Amino acid sequence: MKLTHSLKALALSTALLLAPSIDAAQNHGYAIDYIQGEGDVKGLKLAYQYHLPNEKLPFEHARVYFESSFNVWQYGKDNRHQTNIVLAISPVIQYPAFNVKNIPVHVEFGIGVSLLDDTHFAGKNVSTHYQFEDRLGLVADLGNNTSLALRYLHYSNAGFKSPNPGLDFISLSYAKRF
């Protein structure tokens, strides 16, 4: 019961933290990810993104956004599966890397925090509900404020408590700014 209250408090805090005043710029966005983890782990991630205006950044070509997300992970098959609910918040930096057929591709990285509903998942004991969310990815800018990304995600408690086997995922993401 305490964890449910913690999840609600984290979701509310994240929403308040990232709810900037409405402006004319296209700084707000959403993303939907399909997540594939080790073994039979599959998931879905729904995210809100707030993109900092480029003129407010100290670097010339980089982009920065904050992402808060709600994740549902499932492990197993048919009627014999586990479900884990995860809330996360991450600052993310993107930097232009190269072009593919005139499509700009950025490399992105970020380290954030997450709250897992269940510490025993997919045959692993990750020890703590609080985990770090590390990401590294490639993001293709498709134009019209849309993007497609391929990311590696790693969740772990950074060795604060043992065991700490971590959870690894690959995600395919579609994002839209509005």
Test: residue in the stretch 73-81 that is surrounded by 17 or more Cβ atoms within 10 Å (Cβ to Cβ), touching a helix residue (DSSP H, G or I) at 6+ places or on another chain (Cβ under 9 Å) and either under 18 Å from S173 (Cβ atoms) or small (G, A, S) (or both): no
Residues within the stretch 26-37 that are open to solvent by less than 50 Å² (accessible area, probe 1.4 Å) and at pLDDT below 95, tallied: 1
Selected residue (criterion: least open to solvent (accessible area, probe 1.4 Å)) from residues of the stretch 38-60 that are at pLDDT below 90 and of a type outside the set (D, E, K, R): L57
Exclusive hit being of a type in the set (S, T, Y), out of contact with any Phe, Trp or Tyr (no Cβ under 8 Å at 6 or more places or on another chain) and within 18 Å of I35 (Cα to Cα), set Y152, Y174: Y174
Flag for Y152 being within 17 Å of V86 (Cα to Cα) and open to solvent by 50 Å² or more (accessible area, probe 1.4 Å): yes
Residue within the stretch 54-69 that is within 21 Å of the chain's Cα centre (by Cα), without any contact (Cβ under 8 Å) to a residue 40 or more places away in the chain, assigned to a strand (DSSP E or B) and closer than 15 Å to Y155 by Cβ present: yes
Answer residue from the stretch 92-109, given it is open to solvent by 60 Å² or more (accessible area, probe 1.4 Å) and touching a strand residue (DSSP E or B) at 6+ places or on another chain (Cβ under 9 Å) and is nearest to L46 (Cα to Cα) among those: F109
Unique residue being closer than 29 Å to L57 by Cβ, touching a residue at least 24 places away in the same chain (Cβ under 8 Å) and more than 17 Å from the chain's Cα centre (by Cα) when the list is F109, F178, F169: F178
Residues of the stretch 129-145 classified as more than 11 Å from the chain's Cα centre (by Cα), farther than 14 Å from A88 by Cβ and open to solvent by 20 Å² or more (accessible area, probe 1.4 Å), total: 7
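The values are calculated or read from the model by the stated rules, or taken from the named source; none is laboratory data. Quick caveat, the model's predicted, so the values are computed rather than measured. So basically every Cβ, Gly included, is an ideal-geometry build from the backbone, and we count neighbours across all protein chains shown. For the accessible areas, the whole protein counts, side chains as well, though only heavy atoms, and no ligand, DNA or RNA atoms are used. Shrake-Rupley method; radii C 1.70, N 1.55, O 1.52, S 1.80 Å.
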